[in-house]
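Asks: Here it is, the structure, as structure tokens.
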Amino acid sequence: MKQVRPKKNLGQHFLTDLSIAKRIADTVDSPYADIPVLEVGPGMGVMTQYLVEKPRPLKVVEIDRESVLYLNENFPKLRENILGADFLRMDLQQVFDGQQFVLTGNYPYDISSQIFFKMLDNRDLIPCCTGMIQHEVAVRMAAKPGNKQYGILSVLIQAWYDVEYLFTVEPSVFNPPPKVQSAVIRMTRNEVRQLGCDEQLFKRIVKTVFNQRRKMLRVSLKQLLPAEALSVLSDVLSGESSQLSLTLRPEQLTIPQFVVLTNEVEKLLCANTND
């Protein structure tokens, strides 16, 4: 069968360097070397050829019908485990009958954040996620507090996963070459099982304050709390040992500080509702 034509509407950039493909495939071996692997967007199987050699169950999910035909023809041993589907619409509990798995892939740049938000929603199923994404996104995901790259993605992912930036990949090893650098990352589930606050409110606060990341918290939180409540919040935080202050900007807050902030905001929101 002829090679698959990269499709712009699917954000396809096929990796052509086999040594890099093997390096990415090998990222699934640590720290979970025994559980199954799900590869997203295998394309023509440049990573799949190395993943299929590993002594562990493998399934691949591909939305492009032409790629599915190519994979079925070139990976006959994998035929029953080639899923022609949209990963973002899949019930991940059904993939390995509720068993945990490592997620990996050369992720389409335009939906990588959506893939990782789905990972977060299924974090008990996915103890490890590896793969290649846009360099800029990888830097944001791994950024620490105080860094200008630290933002929504950093906080929401690092609340549940330890993020490692593994290595950079240049555009020249793709067909067609993307206009940006790529990077390979690994996310490993941390020890947190409960955040210690309302998770939905936590997300809402993180998104609210980072949408005005250059503003102090006392300004951005006006979208959630009236002026009187903000004044109360300022007084409460001044007595906390968390070193929190409404004069801080969001990039200065650690995840535990976001948890403290969420709990205090929740108390004030409940008080306002009851009044």
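The values are calculated or read from the model by the stated rules, or taken from the named source; none is laboratory data. Predicted, not measured: the structure shown is a model, and the values here were computed from it. Cβ: placed from backbone, ideal geometry, glycine included. Neighbour counts: every protein chain shown. In case anyone asks, the SASA skips ligands and DNA or RNA and just uses the protein heavy atoms, side chains included. Shrake-Rupley method; radii C 1.70, N 1.55, O 1.52, S 1.80 Å.
Asks: Condition first: more than 25 Å from Val265 (Cα to Cα) and touching a residue at least 40 places away in the same chain (Cβ under 8 Å). Can you find one or more residues in segment 198-206 that meet it?
Replies: Step one: filter segment 198-206 for residues more than 25 Å from Val265 (Cα to Cα), giving none.
Scanning segment 198-206, I find no residue that is more than 25 Å from Val265 (Cα to Cα) and touching a residue at least 40 places away in the same chain (Cβ under 8 Å), so the answer is no.
Asks: Among (1) at pLDDT 95 or above; (2) open to solvent by less than 50 Å² (accessible area, probe 1.4 Å), there is one condition Glu66 misses while meeting the rest; what is its number?
Replies: (1)
Asks: Please work out if Pro31 is open to solvent by less than 50 Å² (accessible area, probe 1.4 Å), touching a residue at least 60 places away in the same chain (Cβ under 8 Å) and closer than 27 Å to Arg189 by Cα.
Replies: no
Asks: In this structure, is Leu201 over 30 Å from Ile24 (Cα atoms) and in contact with a Leu (Cβ under 9 Å, 6 or more places away or on another chain)?
Replies: In short, yes.
Asks: Say whether the condition of being in contact (Cβ under 8 Å) with a residue 24 or more places away in the chain, in a helix (DSSP H, G or I) and among the polar types (S, T, N, Q) is met by at least one residue in segment 150-158.
Replies: yes
Asks: Could you tell me which residue of segment 97-122 is nearest to Ala159 (Cα to Cα), considering only residues that are open to solvent by 20 Å² or more (accessible area, probe 1.4 Å) and not in a helix (DSSP H, G or I)? Lay out the reasoning, then the answer.
Replies: Taking segment 97-122 first, the residues open to solvent by 20 Å² or more (accessible area, probe 1.4 Å) are 97-100, 106, 108-111, 113-114, 117-118, 121-122.
If we keep only those that are not in a helix (DSSP H, G or I) too, we end up with 97-100, 106, 108, 122.
On the way: Asp97: 27, Gly98: 23, Gln99: 23, Gln100: 20, Asn106: 24, Pro108: 24, Asn122: 14 Å.
Selected residue: Asn122.
Asks: Taking segment 115-144 as the region of interest, how many residues are over 22 Å from Lys179 (Cβ atoms) and touching a residue at least 60 places away in the same chain (Cβ under 8 Å)?
Replies: Residues meeting the conditions: 6.
Asks: Could I ask something else about it? What pairs can you find where one residue is in segment 171-186 and at negative phi and of a type in the set (Phe, Trp, Tyr), the other is assigned to a strand (DSSP E or B) and surrounded by 15 or more Cβ atoms within 10 Å (Cβ to Cβ), and their Cβ atoms are less than 7 Å apart, with a gap of 6+ or different chains?
Replies: That search, which allows pairs on different chains as well, returns Phe174/Phe14; Phe174/Leu15.
Asks: Looking for something under 20 Å from Pro256 (Cα atoms) and among the acidic types (Asp, Glu) - is there at least one such residue anywhere in segment 178-194?
Replies: Yes: one or more hits.
Okay, residues lined up against (1) over 21 Å from Pro178 (Cβ atoms); (2) hydrophobic (A, V, I, L, M, F, W, C); (3) without any contact (Cβ under 8 Å) to a residue 60 or more places away in the chain:
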position	(1), (2), (3)
Leu58	yes, yes, yes
Glu62	no, no, yes
Ile82	yes, yes, yes
Arg89	yes, no, yes
Asp97	yes, no, yes
Phe101	yes, yes, no
Thr104	no, no, no
Ser113	no, no, yes
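Asks: Can you tell me which residues in segment 123-146 are open to solvent by 40 Å² or more (accessible area, probe 1.4 Å) and at positive phi?
Replies: Result: Gly146, single match.
Asks: May I ask you to list pairs of residues, at least six apart or on different chains, whose Cβ atoms are under 6 Å apart, with the first in segment 233-252 being among the acidic types (Asp, Glu) and the second being in a loop (DSSP other than H, G, I, E, B)?
Replies: Glu251/Tyr150
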